[in-house]
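The values are calculated or read from the model by the stated rules, or taken from the named source; none is laboratory data. None of these values were measured; they are calculated from a predicted model. Here the Cβ positions follow ideal geometry from the backbone for every residue, glycine too, while neighbour counts run over all protein chains shown. Quick note on the areas: whole protein, heavy atoms, side chains included, nothing else; ligands and nucleic acids left out. Shrake-Rupley method; radii C 1.70, N 1.55, O 1.52, S 1.80 Å.
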Amino acid sequence: MDIVVCIKRVPAFGAQVPLTDDGSAVDTRHLGFTIGPHEECAVEEAVRLVSAHGGRVTVLTVGPEEAGEQLRYALAMGAHRGVLVDTGTTDLDPEATATAVLAGLADEPEPDLLLFGDASADAGHGQVAIRVALARGLPVVGGITGMDADAGGGLRATRETPAGTEVFRVPMPAAVTVKEGLNLPRYPTLPGRLKAKKAELRTVSCAPEPGGLRTVGLRRPADDRAGAVPLGRGAAAAPAVVDILAELGKV
Amino acid sequence: MKLVVVTDATVPAELPAVARSLAGRDEPVEAVTFGGAGTETGDLARVLGGHGVGRLHVARHALLDDYAPEAWGNALAAVIDRLGPSGVLASAGDRGAEVLAHAAARADLPLATDCVRLAGDEDGTWHVTRTRSGGVLLEDAELRAPVTLATIAPAVEVPQVPLQPAGECEVVESAVDVPPELARTRVVEHVASETGLSLATAPVVVSGGRGVGGAEGFAVLEELAERLGGVVGCSRVATNNGWRPHRDQVGLTGTKIAADLYIACGISGATQHWVGCMDSAVILAINTDPEAPMMQRATYAVEGDVHEVLPAVLAEIRRRAEEPAVAESVERQV
Ligand SMILES: Cc1cc2nc3c(=O)[nH]c(=O)nc-3n(C[C@H](O)[C@H](O)[C@H](O)COP(=O)(O)OP(=O)(O)OC[C@H]3O[C@@H](n4cnc5c(N)ncnc54)[C@H](O)[C@@H]3O)c2cc1C
Ligand SMILES: Nc1ncnc2c1ncn2[C@@H]1O[C@H](COP(=O)(O)O)[C@@H](O)[C@H]1O
């Protein structure tokens, strides 16, 4: 089973999100980078499927050269090959990102499965996968938290909704977007990391045309919460806590 | 025409209201929904009429009777082509977002998702504000297209525009072609969810993070949650360590909640967690570190070890529960 997983390099921020002075982007000078949790689950699932059914896992990313770091992380998790579509940036609109993903797939053999995150961790457009799948004529199901290859060469995929679980049965080749919770992703091992460090990445250059959605700037929403009221320390705070619970009618 | 897309039996009131505010004076707001040969639309037309929507188009085809993202998206693209609306809006729920993304891809149009503010320009450009990273950031963007497609977030600003008189909403049957191969991505089976309190709707959530220290450490959180009529939640660290299942995770990639009371135990308050709990009415943080972001942003803060504070709180709840009985028996003796 050949699987391609699309992953995106995103800044990893903590409690504050620093912005550049002009508000055009997240200020990443002092930040590390990561891939989103949904995509981590996609990589994990691909590695598990291939170890069960044979085949290979290719990870693909669209971004600057540095996004090779995220490809190597996925390789350290057990993926076999990496494709970097060098666009110089990850700040592309979803149509342009889809075009660049397609450029990266163009010279690859048709995979049985094309995996995506449900939404990218930073921009969260929720549409790159659908655009890519349609352009490649693939069926696509989204927001999947359970999947299994069945004997007939199809895929049983499930997703959770407030009303319950929806089950899809999709023929392969197919595209699937997955959500965190699908599995518990492994941490890369040290030997895995060492191997990934040396792995060869295929690089494709691409300068996609911009689509119709243009980012003008980013800002932080107003935070109108007043600071917390201290209720005390340790066990001594218990009466004050229970007063609040009583006030709220919870005890 | 502005077209609103209805993907469920209910219509969130903000959807037609936002469409109305974007429509020109004489521009009608109409709606489209999907159905199989015999699907009934129930009182959808009446509800839409009450929101000032004059027409409900029912895109019908045998393959549209159950949720089928590709087929619904394909049908919506056909309806857009037929009706020529200037803008199309759906709710940013799972279905709305998915169906609109499919329609956008098929119609080769851009799409702005999760919008909280939309405004039109004379030249047809839309100025939108969309939420990013679960609401930690706002993105101002321009959407330029012959038909502007957007999904609106629940937190959307609803401009005050006079409602059109709540007239009749006419139901227009609209047969559409759906390529038979799109049957490949239909829901083939539904499994109803277990009833009972769910994380998303529980009035109280007692949540634990790294500071809880391990899976066993959650026992005291379980006990408090039960006492308060709530459920247990957790941070991603608790999930990733295998202490709790992912369905308990609160946050950007977990569940977004809006509880009456959220108790965050040993959770630092990273943005990706905060966006999942920030809509709760009251937030109580319990943390050994008074500088933790959660301790700053919460409504109330207790500095201390979760395994000291929670047992003391439970003891105090039990003590007070017994107190009135004691008081009564004292009274009776007198
Ligand atoms: C794209 C993306 C998406 C994410 N999505 C989510 C998400 O949905 N949900 C989520 O939760 N996280 C999410 N995260 C992870 C998030 O950034 C944080 O890493 C995570 O929330 C931290 O969990 P924590 O607060 O339990 O752990 P920590 O940040 O390590 O904090 C532990 C806290 O416990 C306190 N503590 C320690 N011991 C005790 C004690 N005995 N008693 C009381 N307090 C104690 C410490 O002072 C500290 O404040 C996401 C990250 C990314 C990059
Ligand atoms: N720059 C990128 N490189 C590779 N894959 C991407 C990129 N951006 C988005 N994707 C994929 O498309 C999914 C959805 O992204 P989005 O439409 O931005 O929410 C992500 O989870 C990734 O799997």
| field | Unique match (being within 29 Å of B:ASN240 (Cα to Cα) and of a type in the set (D, E, K, R)) among A:GLU69, A:GLU108 | value | A:GLU69
| For the subset of the stretch B:272-314 comprising residues that are within 7 Å of chain A (Cβ to nearest Cβ) and assigned to a helix (DSSP H, G or I), which member is surrounded by the fewest Cβ atoms within 10 Å (Cβ to Cβ)? | B:GLN296
| note | Looking across the stretch A:27-52 at residues that are open to solvent by 40 Å² or more (accessible area, probe 1.4 Å) and within 20 Å of A:THR145 (Cβ to Cβ), the single one that is modelled with the lowest pLDDT is A:ALA52
| request: Consider A:ASP112 carefully, then state whether it is in contact with a strand residue (DSSP E or B) (Cβ under 9 Å, 6 or more places away or on another chain) and either in contact (Cβ under 8 Å) with a residue 40 or more places away in the chain or basic (Lys, Arg) (or both). | output: yes
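Yes/no matrix, rows are residues, columns are (1) more than 27 Å from A:VAL17 (Cβ to Cβ); (2) more than 23 Å from the chain's Cα centre (by Cα); (3) open to solvent by less than 10 Å² (accessible area, probe 1.4 Å):
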position	(1), (2), (3)
B:PRO203	yes, no, no
B:GLU226	yes, yes, no
B:CYS234	no, no, yes
B:PRO245	yes, no, no
B:ASP248	no, no, no
B:GLY254	no, no, no
B:TYR262	no, no, yes
B:ALA270	no, no, no
| query | Which of the residues belonging to the stretch B:258-268 are within 11 Å of ligand 1 (Cβ to nearest atom) and either within 10 Å of chain A (Cβ to nearest Cβ) or assigned to a loop (DSSP other than H, G, I, E, B) (or both)? | reply | B:GLY266, B:ILE267, B:SER268
| task | Quickly run through the stretch A:32-63 and pick out the residues that are part of a strand (DSSP E or B) and near ligand 2 (Cβ under 10 Å from one of its atoms). | result | A:VAL59, A:LEU60, A:THR61, A:VAL62, A:GLY63
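Does B:TRP243 qualify as being under 26 Å from B:ALA153 (Cα atoms) and either assigned to a helix (DSSP H, G or I) or of a type outside the set (Gly, Ala, Ser) (or both)? Show your work before the answer.
On the way: under 26 Å from B:ALA153 (Cα atoms): no; either assigned to a helix (DSSP H, G or I) or of a type outside the set (Gly, Ala, Ser) (or both): yes.
No, not satisfied.
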| remark: Checked A:LEU60, A:LEU102, A:LEU31 against criteria (free of Cβ contacts under 8 Å to residues at least 60 places away in the same chain and within 16 Å of ligand 1 (Cβ to nearest atom)); the one match is A:LEU31
| request: Go through (1) at the interface with another protein chain (Cβ under 7 Å from one of its Cβ atoms); (2) not in a loop (DSSP other than H, G, I, E, B) one by one and return the number of the condition B:THR253 breaks. | output: (2)
| request: Tell me which residues, restricted to the stretch B:127-142, are more than 7 Å from every other protein chain (Cβ to nearest Cβ) and of a type in the set (Lys, Arg). | output: B:ARG130
| Name the helices (runs of 4 or more DSSP H) wholly within the stretch A:64-166 that hold at least 3 residues that are open to solvent by 20 Å² or more (accessible area, probe 1.4 Å) and of a type in the set (A, V, I, L, M)? | A:94-106, A:128-135
| remark: When restricted to A:VAL216, A:VAL242, the only residue in contact with a helix residue (DSSP H, G or I) (Cβ under 7 Å, 6 or more places away or on another chain) and not polar (S, T, N, Q) is A:VAL242
| In the stretch A:192-251, what count of residues is obtained for those that are farther than 30 Å from B:GLY124 by Cβ, surrounded by 12 or more Cβ atoms within 10 Å (Cβ to Cβ), at the interface with chain B (Cβ under 9 Å from one of its Cβ atoms) and not charged (D, E, K, R)? | 19
